[in-house]
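Here is the structure we will look at, set down as structure tokens.
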Amino acid sequence: MNYAYSDKYLFEFLVRAQASTKFSPENYWGAFPSVSAGWVMSEENWFNKEKTKIDFLKFRASFGVMGRDN
């Protein structure tokens, strides 16, 4: 699921399902969530694109759980 507000603030939530035959049938599938947030600084009113010579500047942070079958 993605959400963008004013083309400046970005949020994403993802759940990935993965299976492994190395596990017993009751633990065959696993769910692995992740979240991220982004901020497009160059879209702020106070950001001067002409002065900085930067056309697009975005910061993004994310966190997710990864699965391992070993």
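Considering the alpha-carbon set of the chain alone, what are its Rg and its Dmax in angstrom?
18.7, 60
Say each of Phe32 and Glu50 gets a label point 7 Å from the Cα, pointing the same way as Cα to Cβ; how far apart are those two points in nm?
For Phe32 paired with Glu50, the spin-label model returns 4.8 nm.
What is the dipole size for the chain, taken about its Cα centre, with +1 at each Lys and Arg Cβ and -1 at each Asp and Glu Cβ, in debye to the nearest 20? Mind dumping the intermediate values first?
Working: 9 positive and 8 negative charges, 41 e Å.
Dipole about the Cα centre, nearest 20: 200 debye.
Eight or more residues apart or on different chains, and alpha-carbon atoms under 23 Å: count the Lys pairs in the chain matching that.
Working: Lys8/Lys49; Lys8/Lys51; Lys8/Lys53; Lys8/Lys58; Lys49/Lys58.
Lysine pair count for the chain: 5.
Each reported figure results from applying straightforward, stated rules to the coordinates on display, with no laboratory input. Computed from a predicted structure; not experimentally measured. All Cβ positions, even for glycine, are placed from backbone atoms using ideal geometry, and neighbour counts span all protein chains on display.
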